[in-house]
Amino acid sequence: MAEALQKKMQQEVEKFKGIQKEYQTVISSRQQLDSQLTENNGVKEELSLLESDANVFKLIGPVLVKQDLEEARQNVNKRIDYITAETKRLEKTIEDLDKKQDTQREALGKLQQQLQQAQVKAAMKA
């Protein structure tokens, strides 16, 4: 019985490690989106300070290409909207992973108790 519990415990530990790895990946993505959002908000601020006749250039490869100011503002706003939506999606994923981790911790705790009880019973029989 103790061997079966140990095997089950090992499987649950591996499952928990997988959840933690996924959690770290999502957190990393969330941090990257945060920095992109900050950068795009800075660009939006700078574009709002420009006069309507100002020249705006976009770097495409090694070339600077002139871009319409209003088009540049719309592009930045679209990026901000996209990043905000992705951030909300990742927040939901983080919440779900938190719940999964909590559930997995509880399952591991119960298994550990069962394993300890089985070891005590085995020691008493010996």
Screening Thr93, Thr38 for residues that are under 30 Å from Met9 (Cβ atoms) and polar (S, T, N, Q) leaves only Thr93
Quick one: in the range 45-71, of everything that is touching a strand residue (DSSP E or B) at 6+ places or on another chain (Cβ under 8 Å) and in a loop (DSSP other than H, G, I, E, B), which residue is least open to solvent (accessible area, probe 1.4 Å)? Leu50
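Residues in the range 72-112 that are among the acidic types (Asp, Glu) and open to solvent by 90 Å² or more (accessible area, probe 1.4 Å): how many?
We begin by selecting, within the range 72-112, every residue among the acidic types (Asp, Glu); these are 81, 86, 91, 95-96, 98, 102, 106.
Next cut, open to solvent by 90 Å² or more (accessible area, probe 1.4 Å) only: 81, 95, 106.
Selection size over the range 72-112: 3.
The values are calculated or read from the model by the stated rules, or taken from the named source; none is laboratory data. Just so we're clear, the structure is a prediction, and the values are computed from it rather than from any experiment. Note that we place each Cβ from the backbone using ideal geometry, even for glycine, and neighbour counts take in every protein chain shown. Accessible surface areas use protein heavy atoms only, side chains included; no ligands, DNA or RNA. Shrake-Rupley method; radii C 1.70, N 1.55, O 1.52, S 1.80 Å.
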